[in-house]
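Undergrad: One structure, as structure tokens, below. Some questions next.
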Amino acid sequence: MENKYSTSGIGEDIIRSFTQIASAELHAKTLLEKRISEVENGLISEEEIPDNLEKIEALKNEIDDYANIRRSQMLYLYNSFGGEGDREQWCLVKHLSMAMYTAFEAYQASDRDPELLNIALEINKKFIEACTKFLGVEITSCASCFADIMKAGGK
């Protein structure tokens with residue numbers, strides 16, 4: 001995968017994108033759970049139930065759409081690096097990408113708590129390691145080394 005116009009590397013951009021779409025997937029899941037809970041626990045009026053059931057169905061479809069987009073991006077990334085990595089890392093990459101992002105959001109919300117930053121950085125190392133295994137490139141947990149690998153397209 002040639003990196004002509006991206007300063008961070010196309011692979012890194014794809015990773016950021018599937019991490020964000022996974023976050024949207026999780027957000028829609030949270031909204032779905034909230035709506036279902038409101039219906040099940042009688043927190044909405046009888047008149048509002050049909051509208052909420054429609055919204056529940058729409059959220060289910062939205063979650064499926066997000067998941068399909070994320071899967072296609074992850075598969076694109078995997079295939080862009082030769083498709084010979086460890087596909088058993090697929091779910092770990094997905095979960096660690098979300099954990100990495102969520103931990104960093106916690107750090108941002110904390111007014112710069114150094115312990116939360118350290119947690120986010122440790123998760124990032126585990127994410128990088130899983131990602132390199134997934135892509136079948138030199139295994140590392142070093143963010144700088146990983147950036148170089150991604151910019152070079154795995155070469």
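Undergrad: Using the Kirkwood radius over C-alpha pairs as Rh, can you work out the diffusion coefficient of region 7-59 via Stokes-Einstein at 37 °C, viscosity 0.692 mPa s, in µm² per second?
TA: 253 µm²/s
Undergrad: Further question: What number results when the radius of gyration of the chain, computed over Cα atoms, is divided by 2.2 N^0.38 Å?
TA: Here the Cα radius of gyration is 1.26 times the empirical estimate.
Undergrad: Let me ask something else. For Glu122 and Ala147, what is the calculated FRET efficiency with R₀ set at 25 Å and r taken between the beta-carbons, to the nearest 0.05?
TA: Result of the calculation: an efficiency of 0.90.
Undergrad: Roll a 1.4 Å probe over the protein chains and send me the accessible area per residue for the chain in Å².
TA: 60 Å²
Undergrad: Using only the alpha-carbon atoms, how far is helix 90-109 inclined from the longest principal axis of the chain? Give it as 0 to 90 degrees, nearest 10.
TA: 80 degrees
Undergrad: To the nearest whole percent, what portion of all C-alpha pairs in region 24-107 is separated by more than 15 angstrom? Kindly include the intermediate steps, with their values, before the conclusion.
TA: Working: 2372 of 3486 pairs.
Result: 68 percent of Cα pairs exceed 15 Å.
Undergrad: I would also like to ask the following. If R₀ is 25 angstrom, what is the calculated FRET efficiency for the pair Asp13 and Leu43, using the beta carbon separation as r and rounding to 0.05?
TA: After rounding, the FRET efficiency stands at 0.05.
Undergrad: First measure r as the distance between the Cβ atoms of Asp64 and Asp86, then evaluate 1/(1 + (r/R0)^6) with R0 = 41 Å and state the FRET efficiency to the nearest 0.05.
TA: That gives a FRET efficiency of 0.95.
Undergrad: Ignoring ligands, DNA and RNA, what percent of the 1.4 Å accessible area of region 64-155 is carbon and sulfur?
TA: Summing carbon and sulfur atoms, their accessible area is 52 percent of the total for region 64-155.
Undergrad: A further question on this structure: If the chain between His27 and Ala106 were fully stretched, how many nm would it gain, using 0.36 nm times the residue separation less the Cα-Cα distance? Intermediate values should be presented prior to the final figure.
TA: Details: separation 79, 0.36 × 79 = 28.44 nm, distance 1.58 nm.
Gain in length upon complete extension: 26.9 nm.
Undergrad: Now a separate question. Around Pro50, with a cut-off of 13 angstrom between Cβ atoms, what is the net charge of the other residues, counting Lys and Arg +1 and Asp and Glu -1? Spell out each step's value before the answer.
TA: Working: positive: Arg35, Lys55; negative: Glu46, Glu47, Glu48, Asp51, Glu54, Glu57.
Residues near Pro50 contribute -4 overall.
The values are calculated or read from the model by the stated rules, or taken from the named source; none is laboratory data. This structure is a prediction, so every number in the text was calculated from the model and none was measured. So basically every Cβ, Gly included, is an ideal-geometry build from the backbone, and we count neighbours across all protein chains shown. For the accessible areas, the whole protein counts, side chains as well, though only heavy atoms, and no ligand, DNA or RNA atoms are used. Shrake-Rupley method; radii C 1.70, N 1.55, O 1.52, S 1.80 Å.
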